[in-house]
Amino acid sequence: MKSEMMSNMKTPPPPPPVAKKKEEKGPHYEFMGPIGTFLLIFFLPFTVYYVNMACRRNKCSILEVPSFPRNFVTAFFDVEAALIFFGWLAFQALLAVLPIGSLVEGQPLKYGGRLKYRCNGFFALVVSLAGLAVAIYLKLPVTKVVDKFFKLLTVATIFSFTLSKCLYISSRFISTKKLAPGGNTGNIIYDFFMGRELNPRIGPLDLKFFCELRPGLIGWVLLDWLMVYKAYQDTGAFPPNLVLVSVFQTLYVADALWFEEAILTTIDIIYEGFGFILCFGDLVWVPFLYTLQARFLLESGFTLPWYCLAPITVLNLIGFMIFRLSNSQKNLFRKNPKHPAFSGLETVATPSGRKLLASGWWGLCRKPNYLGDIIMATAWSLTTGFGHIFPYLYPLFLLTLLIHRERRDNEMCAAKYGASWDRYCQRVKYRIFPYIY
Ligand code: NDP
């Protein structure tokens, strides 16, 4: 997950290359600049609605235009959904500020000092899942959340727009030293999309850190299990495919939260402002799109025999192993490059003093962690069979996102490490898929 970048405790982080480019030749735009970001502001919410609307009971077709309700307001909004959403947000915020779990220092800020972050995400996940189990035991009407899927989606979408707008406005009143290098171009649309302020906080709550890992990610897992329970209520049985995909995704999220501290060295935390793309991505895209396979399995009732599920489980475990081991290898290398585990491994020296791993997992391809992620996403979709393209949209989205992210990171590393990066790329030829890409 995003929380998986290296933890570089011993060496200071290199300067953000984006800022350098901006000084040299005007604003450095990503996502095709103001026009691209303007279109994405509409395209992203449209995609989440369209894809989910295309999957209704006994019908999951992406090729047919979904039927639109006569009354949009009653179909897509109600006050109870708003109360559920804000109650969930408040509950997660409360857990996030509880003095439980370690208080970890972030990377050095460019204006000096470091921020502190309370890392208790795994605890929040366990409490949330336990809370769900208790609510089910008490026979509370929890599946209302699944019934109100579209209404919750609307509230989350409106909230993410409002939050990004508030963040943009409040960023106009802060010192420029607190601005992110990439979201401060002067173009309103672009800066609103990318985010201007680097680390907006309300008291002890760091908004970006909180949204990246808590309400959306834990919400995703809870939605999965609520769908499992709903299927049980509807049919009197636990559909094995739905249970399996929920287990896979819970493992994925639990892993991210167990290694929560690692997010403090990711691009998102160190360089990116908190704007629309992260607000919408964290609060809407993740919980309402990453539940695609579960929604498909709930709506279609599709099942597979155990001899199909067994190899899918093996594939998921292979993906998870590549993902976890490669991420851990890099994290350990960044923490302690002299660790005996690296004695036999090839490295490439760089002028900054930091080395690049060029063998082991990181000699296989330049992003073995992305490879593992994509394999897992494919395994999740395989639980839905081959009858519909719809549930395969998640691995397709992830593939696009990670290809784009790899190119972005490649650019940044080329700026950071110059000729050493070229040497590393000559040594490790493939970007994500060995012998293919
Ligand atoms: P990486 O974990 O790949 O981190 C990139 C950084 O690692 C580089 O900038 C560089 O930083 C360092 N690095 C790159 N190559 C080497 C090497 N050979 N040796 C040592 N250091 C190296 O990127 P992400 O933060 O994008 O991804 C983290 C995880 O999050 C991945 O597993 C990915 O799959 C997942 N993810 C999931 C998403 C989702 O929506 N499901 C979205 C985004 C990511 P430096 O040299 O400065 O240390």
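The values are calculated or read from the model by the stated rules, or taken from the named source; none is laboratory data. Since this is a predicted model, take the numbers as computed values, not measurements. As a convention, Cβ positions derive from the backbone with ideal geometry for all residues, glycine included, and neighbour counts pool all protein chains shown.
Observations on the model:
- Single condition Arg366 does not satisfy, out of (1) within 11 Å of the ligand (Cβ to nearest atom); (2) surrounded by 18 or more Cβ atoms within 10 Å (Cβ to Cβ); (3) part of a helix (DSSP H, G or I): (3)
- Just one of the listed residues (Ala124, Ala133, Ala93) is closer than 20 Å to Met227 by Cα and either assigned by TED's automatic domain parsing to the domain that holds Cys279 or not in a loop (DSSP other than H, G, I, E, B) (or both), namely Ala133.
- Qualifying residue in region 285-295 (condition: over 30 Å from Cys55 (Cα atoms), assigned by TED's automatic domain parsing to the domain that holds Ile41 and not in a helix (DSSP H, G or I)): no
- Close pairs from region 318-347: first assigned by TED's automatic domain parsing to the domain that holds Tyr424, partner of a type in the set (Lys, Arg), Cβ under 6 Å, at least 6 apart: Pro337/Lys355; Thr347/Lys355
- Residue in region 205-213 that is of a type in the set (A, V, I, L, M) and within 23 Å of Thr291 (Cβ to Cβ) present: yes
Conditions tested, residue by residue: (1) in the same structural domain as Gly106 (by TED's automatic domain parsing); (2) touching a residue at least 60 places away in the same chain (Cβ under 8 Å); (3) surrounded by 15 or more Cβ atoms within 10 Å (Cβ to Cβ); (4) not in a loop (DSSP other than H, G, I, E, B).
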position	(1), (2), (3), (4)
Val146	yes, yes, yes, yes
Lys151	yes, yes, yes, yes
Thr157	yes, yes, yes, yes
Thr162	yes, no, no, yes
Lys165	yes, no, no, yes
Ser170	yes, no, no, yes
Gly182	yes, yes, yes, no
Phe193	yes, yes, yes, yes
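- Within region 377-393, the residues that satisfy the criterion of being more than 9 Å from the ligand (Cβ to nearest atom) and in a helix (DSSP H, G or I) are Thr378, Ala379, Trp380, Ser381, Leu382, Phe390, Pro391, Tyr392, Leu393.
- Restricting region 326-354 to residues that are near the ligand (Cβ under 10 Å from one of its atoms) and small (Gly, Ala, Ser), the residue that is surrounded by the fewest Cβ atoms within 10 Å (Cβ to Cβ): Ser352
- The residues in region 313-345 that are over 23 Å from the mean Cα position of the chain (by Cα) and under 27 Å from Asp224 (Cα atoms) can be counted, and the count is 1.
- Positions within region 421-437 being within 13 Å of the ligand (Cβ to nearest atom), assigned to a loop (DSSP other than H, G, I, E, B) and of a type in the set (A, V, I, L, M, F, W, C), in sequence order: Val428, Ile432
- Taken over region 354-411, the residue count meeting the criterion of being touching a strand residue (DSSP E or B) at 6+ places or on another chain (Cβ under 6 Å) and over 29 Å from Phe333 (Cα atoms) is 2.
- Residue count for region 398-420, restricted to those that are in contact with a helix residue (DSSP H, G or I) (Cβ under 7 Å, 6 or more places away or on another chain) and near the ligand (Cβ under 9 Å from one of its atoms): 6.
- Listed by first and then second residue, the pairs with beta-carbon distance under 7 Å, at least 6 apart or on different chains, first residue in region 110-123 and free of Cβ contacts under 8 Å to residues at least 24 places away in the same chain, second assigned to a loop (DSSP other than H, G, I, E, B) and surrounded by fewer than 22 Cβ atoms within 10 Å (Cβ to Cβ), are Arg114/Gly106; Arg114/Gln107; Arg114/Pro108.
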